[in-house]
Amino acid sequence: MSENIGEILSTQPIQEAIPIFFENVIPSHFQRDSFFVGVYNLLSDEIKNSHHGKIMKESIPLCLGQIAPDFTIEPEDGDAFRLSEIIEKSKLTVLHFWSSGSADRIKIHEELANAYKKYKNKGLEIVSVSLDANPIKWKRAVNSGGVPGIQFCDFMEEDSPIAKLYKMNPLNTINILIDESGKMIAWDVDGPALFGHLYRSFGE
């Protein structure tokens, strides 16, 4: 950041306003911008420890350019493993959140299925985390063949530790792209934006 911006952000009124502005004015998808990591780091300890400062602190780990928060996956028919273990073996990982009732699920699953078929052998992996509560609905969706990649569901919906870690809502279908170093490089991408990232990573 430039020295001028640093000087402006160092004033007490601006410092106090930043976390409130971040929480209440900045749209959630813009909160993922890595710019806010630098802004947060310039805040005083007093502001960081304020009510709104703590809320901002919870969002900073989910900014683009940050390491994807790690978690353990415990499949029904295998040994537990961590997300980071999958990332280490892949050139690009799609962390995919969904539920049987989430918006645009079928369309996005079709996109991911096509991408997986095309790029799996080039280093693409998909980790699908369902926020369903009903095992029957979840298994029906997975068994339909429309959900590619590694499958996981703890049937806790929004109370799932993973949902809380990534601040996910069961009604949304979200793709997060993670590069081979473990950094999140795109958030909530599908359609042309998703395939643009895939093309840049893998080519044709």
- Exactly one condition in (1) of a type in the set (S, T, N, Q); (2) in contact with a Lys or Arg (Cβ under 6 Å, 6 or more places away or on another chain); (3) closer than 19 Å to residue 64 by Cα is not met by residue 100; state its number. (3)
- Item | Leading residue by the ranking (least open to solvent (accessible area, probe 1.4 Å)) among those in segment 59-87 that are without any contact (Cβ under 8 Å) to a residue 40 or more places away in the chain and not in a loop (DSSP other than H, G, I, E, B) | 60
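Based on what the data block shows, is residue 90 over 20 Å from residue 186 (Cα atoms) and touching a residue at least 60 places away in the same chain (Cβ under 8 Å)? Explain how you work it out, then say what you get.
Numbers: over 20 Å from residue 186 (Cα atoms): no; touching a residue at least 60 places away in the same chain (Cβ under 8 Å): yes.
No, not satisfied.
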- Message: Quick check on segment 142-170: of everything there that is over 12 Å from residue 95 (Cα atoms) and among the polar types (S, T, N, Q), which residue is most open to solvent (accessible area, probe 1.4 Å)?
- Response: 143
- Take residue 36 and decide whether it is among the aromatic types (Phe, Trp, Tyr) and either more than 18 Å from residue 153 (Cα to Cα) or touching a residue at least 12 places away in the same chain (Cβ under 8 Å) (or both). yes
- Message: So in segment 1-29, with the set limited to residues that are at pLDDT below 90 and under 27 Å from the mean Cα position of the chain (by Cα), which one is least open to solvent (accessible area, probe 1.4 Å)?
- Response: 28
- Out of all the residues in segment 39-52, which are surrounded by 14 or more Cβ atoms within 10 Å (Cβ to Cβ) and in a helix (DSSP H, G or I)? 39, 40, 47, 48, 52
- Set 191, 182, 196, 123: member being modelled with pLDDT of 95 or more, touching a Lys or Arg at 6+ places or on another chain (Cβ under 6 Å) and not hydroxyl-bearing (Ser, Thr, Tyr): 123
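If you scan segment 119-141, which residues turn out to be surrounded by 14 or more Cβ atoms within 10 Å (Cβ to Cβ), over 17 Å from the mean Cα position of the chain (by Cα) and free of Cβ contacts under 8 Å to residues at least 60 places away in the same chain?
120, 132, 133, 134, 137, 138, 139, 141, listed by residue number.
The values are calculated or read from the model by the stated rules, or taken from the named source; none is laboratory data. Model, not experiment: these values are computed from the prediction. Here the Cβ is made from the backbone with ideal geometry for all residues, glycine too, and neighbour counts use every protein chain on show. All accessible areas refer to the heavy atoms of the entire protein, side chains included, with ligands and DNA or RNA removed. Shrake-Rupley method; radii C 1.70, N 1.55, O 1.52, S 1.80 Å.
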